[in-house]
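Data block below; observations after.
We did not get these values from a lab; they are worked out from the coordinates using the rules stated. Computed from a predicted model, the values in this text were never measured in an experiment. As a convention, Cβ positions derive from the backbone with ideal geometry for all residues, glycine included, and neighbour counts pool all protein chains shown.
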There are 2 protein chains.
Amino acid sequence: MKNLTKRQEEILNLIKSHIQDLGFPPTRADIAKSLGFKSPNAAEQHLRAIEKKGFISILSGASRGIILNDTANDDIPIIGLVAAGGPILAEENIEKTIPRSNNLLSNEIDYYLRVKGDSMVDVGIFEEDLIGVSKTLNPKIGSIVVARINNEVTVKTLIEFNQNKVILRAENKNYSDIKINPSIDELVIEGSCVALLRESI
Amino acid sequence: MKNLTKRQEEILNLIKSHIQDLGFPPTRADIAKSLGFKSPNAAEQHLRAIEKKGFISILSGASRGIILNDTANDDIPIIGLVAAGGPILAEENIEKTIPRSNNLLSNEIDYYLRVKGDSMVDVGIFEEDLIGVSKTLNPKIGSIVVARINNEVTVKTLIEFNQNKVILRAENKNYSDIKINPSIDELVIEGSCVALLRESI
DNA sequence: ATTAGTACTGTAATTATATACAGTATATAG
DNA sequence: CTATATACTGTATATAATTACAGTACTAAT
């Protein structure tokens with residue numbers, strides 16, 4: 001997507017604030033009036049240019065038919081089953097997304113991961129719960145982390161983390177600790193768990 | 001604000017989803033076409049009625065000049081400690097509020113209640129968790145409810161609910177069932193638990 | 001009994017809007 | 001030197017859209 005000129009950006013911002021204020025886009029005449037053009041055609045031509053650069057779509061024949069092509073992908077993805085092999089945030093794993101502005105929990109959250117299995121029930125994390133994961137937050141000993149062991153993604157408590165020994169604990173008496181030697185098995189700590197959501201109790 | 005009729009609500013929803021989908025409100029003709037009216041005037045008159053009831057404003061002369069009067073500006077309160085005696089939603093119990101538009105869970109939620117104690121740990125509800133409570137949802141046997149027993153507010157599973165015998169269960173082996181005779185003890189089911197939030201795991 | 005509200009059809013006029021066409025001027029890239 | 005892009009004025013027109021007016025029919029309230 002090419003860069004907008006100063007004037008074009010001015011017009012795009014005008015469209016955005018018009019939508020913000022009134023709830024619908026401006027007409028060509030509105031734009032012309034706001035920016036002091038004496039011809040609505042000036043606005044028309046700017047719109048065409050902005051459309052050509054991909055920032056908006058114009059519906060022909062529809063009044064105020066300007067659609068913002070929001071590039072700003074600040075949605076938080078909800079990850080369902082993670083397909084083995086690929087990255088967690090791969091397209092195919094995304095169940096749906098929610099706008100970040102609707103997120104009332106920590107804004108450190110990079111994605112929500114739907115919990116599979118009962119290995120964390122003793123700390124109140126149940127199957128189908130959504131855990132909020134921060135990729136950047138440094139995983140601390142004793143915190144709950146999202147780990148990938150040999151391409152298998154799992155949620156566990158981090159008990160020990162050394163060069164040649166990592167221990168992950170399932171918070172369920174029926175499971176035993178997972179001991180990993182990172183020089184033998186591939187281990188990636190994908191992130192830390194910072195929140196939890198449960199729908200339809 | 002008066003209530004909308006079924007048809008009027010249908011039209012309001014149509015406007016909302018049109019805005020959601022395209023970014024601007026529909027025209028009278030759009031509405032007529034969507035709902036099968038043969039005259040755009042049918043839409044016009046509905047819009048006037050909806051405006052009269054306060055749900056929208058219509059800008060005269062402007063195409064698509066329909067402004068949603070955000071009624072949904074009621075914030076969802078987060079209830080901390082419930083002071084004995086008063087209603088749950090009393091001012092002094094409100095820890096803070098969050099805009100309903102930011103709520104990504106069920107929109108049946110009337111308030112969030114901060115959980116005190118460990119009586120529900122076996123179903124993954126921990127101290128300091130926030131449970132989303134619906135006042136209107138009919139409490140079902142087996143569901144988790146917010147109950148008030150002699151002015152004490154508690155969260156428990158509803159096991160039995162008869163005229164002279166109500167059983168509430170703590171989901172924690174260390175607690176025993178609470179048996180109540182509603183003709184002796186004052187019992188109010190305040191709502192049903194429909195969601196759960198946990199911050200800072 | 002009558003008024004007000006709901007729920008439409010049908011027609012038509014006015015105005016709002018998109019959009020084509022014809023220009024002018026400046027800047028930049030090949 | 002010649003396209004191509006930017007940045008406009010000015011005019012005109014087809015059509016999109018609002019909106020008034022005249023009806024019909026049913027329901028609920030005063």
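Overview of results
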{"read-out": "Hydrodynamic radius by Kirkwood, which averages 1/r over all alpha carbon pairs of segment A:6-68, in angstrom", "value": "11.4"}
{"read-out": "Residue (of A:Leu197, A:Ile66, B:Leu14) at the positive-pole extreme of the protein assembly as shown, dipole from beta-carbon charges", "value": "A:Ile66"}
{"read-out": "Tensor-based shape of segment A:141-180 (alpha-carbon gyration tensor, a/c under 1.5 rounded, otherwise prolate or oblate)", "value": "rounded"}
{"read-out": "Point-charge dipole on Cβ atoms (K/R +1, D/E -1) for the protein assembly as shown, about Cα centre, debye to 20", "value": "1780"}
{"read-out": "Where GluC sites (Glu not before Pro) fall in DSSP loop in segment B:87-179, at most 15 other Cβ within 10 Å", "value": "B:Glu108, B:Glu127, B:Glu128"}
{"read-out": "Relative contact order (%) - criterion: Cα under 8 Å, at least six apart; region: chain A", "value": "14"}
{"read-out": "Pseudo-label separations to other copies for A:Tyr175 - Cα-to-Cβ vector, 7 Å, nm", "value": "2.7"}
{"read-out": "Cα long-axis angle, helix A:6-22 against chain A (0 to 90 degrees, to the nearest 10)", "value": "80"}
{"read-out": "Tilt relative to chain A, helix A:40-52 - C-alpha long axis, 0 to 90 degrees, to 10", "value": "30"}
{"read-out": "Efficiency of FRET between A:Glu9 and A:Glu152 - r from beta-carbon atoms, R0 45 angstrom, step 0.05", "value": "0.45"}
{"read-out": "Cα-only radius of gyration and Dmax that characterise the protein assembly as shown, units Å", "value": "26.7, 80"}
{"read-out": "Value at 222 nm in deg cm²/dmol, rounded to 500, when DSSP H runs of n ≥ 4 in chain B each add -39,500 (n - 2.57)", "value": "-6000 deg cm²/dmol"}
{"read-out": "Charge-dipole axis of segment A:75-197 as Lys and Arg at +1 and Asp and Glu at -1 on Cβ define it, positive-most pick from A:Ile78, A:Leu187, A:Ile167", "value": "A:Ile167"}
{"read-out": "In Å, descending, principal axis extents of the Cα set of segment A:75-197", "value": "41, 29, 24"}
{"read-out": "Rounded FRET efficiency, nearest 0.05, which uses the C-beta distance separating B:Lys116 from A:Ser34 and R0 of 51 Å", "value": "0.40"}
{"read-out": "Sparse-neighbour loop sites [trypsin sites (Lys or Arg not before Pro); segment A:133-196; at most 16 other C-beta within 10 Å; DSSP]", "value": "A:Lys135, A:Lys140, A:Lys165, A:Lys173"}
{"read-out": "Cleavage-rule hits (trypsin sites (Lys or Arg not before Pro)) in segment B:1-97: DSSP loop, at most 11 neighbouring Cβ within 10 angstrom", "value": "B:Lys2, B:Lys38"}
{"read-out": "Other-copy label distances relative to B:Glu199, 7 angstrom Cα-Cβ extension, nm", "value": "2.2"}
